[in-house]
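Here is the structure we will look at.
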Amino acid sequence: MEPLNIRQQHIVELLNQQEYCSIDDLASAFSVTTQTIRRDINALCDLGMARRHHGGVGLPGSLSNRSYVTRQVTHQAEKQRIAQAVVREIPDGSTIFLGIGTTIAAIAEHLGHLQSLRVITNNFEAAQILTRFPQIETWMPGGRIRCNDRDIVGDTVASFFGQFYADIGIIGCAAVSHISASKLLAPDPAKASGSETVLGTAKCLGTAKYLCTDNLPAGDVEIASVSTAFAMEYELREAKVSQAILSGSQQTWLVANRTKWQRKANAIIAPLHSFDRVFSGDQD
């Protein structure tokens, strides 16, 4: 195996910092042609160190998330913009659910101006932040804290959320993936239990309301009938807790920075069109 050249090493460093880079940005940064960058990307992909995307390159696929500390320092400016946009929409006196993730923790940082708020969360980092604000009533479930993720997940957590009803449920996700309608199996609704998510072609068509934070127009974004966008998680237990948050909320909001559209995960949370609001940075 040939050693990486200096430029390829720097591309790997950028991917670890940003998760995704466009070919044009890399060509500009290194003052080389896009063809040269594509050759570098091909070499990195062949080594399993990167994954091609349309117009760019991202980190290789993974079945697990990176550590909380690593995720916390990536895309900070975008996460802060998303958090500020979300908090502007939260009415004083609300009851809200907060899910897991670093963008959710960023939202918690901006809630201090509200005079009255009840927050139910399994996000340990968010709960710790909220202890600074005595006017905010904070509830957390019991259970084992995942040190790598700074949260608590599992069946008991889903049951905990089921004891409340929120004005707004806010979750993040590991990825936004498009799944062909032909790949979705629709179980018999008559046989499905209340805890199961019934998916089918008819339920996968619709629109999602987006609020973009980088001077992009907000509006209804059509979801194609042949391919539906889903919010995804790496682990089924994470997805189940997010589903519990959504099912117990009057309004359901999703927060996802732009890299989520370049990543893959395997556990389905919900189709994007089922959310009342989707807050994101720039989207192509």
For every other residue with a beta carbon closer than 11 angstrom to the beta carbon of A27, add +1 if it is Lys or Arg and -1 if Asp or Glu, then tell me the sum. -1
Beta bridges by DSSP in region 91-177, antiparallel share as percent, to the nearest 5: 15
Let me know the shape class of region 69-151, please: from the alpha-carbon gyration tensor, a ≥ b ≥ c as square roots of the eigenvalues, rounded when a/c is under 1.5, otherwise prolate if a/b is greater than b/c, or oblate. oblate
Result for region 132-182: accessible area per residue, probe 1.4 angstrom, in square angstrom, of 50
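The values are calculated or read from the model by the stated rules, or taken from the named source; none is laboratory data. Worth saying up front: this structure is predicted, and the values here are computed from it rather than measured. Cβ sites come from the backbone with ideal geometry, for glycine too, and all protein chains shown count toward neighbours. These accessible areas exclude ligands, DNA and RNA; they are computed on the full protein's heavy atoms, side chains included. Shrake-Rupley method; radii C 1.70, N 1.55, O 1.52, S 1.80 Å.
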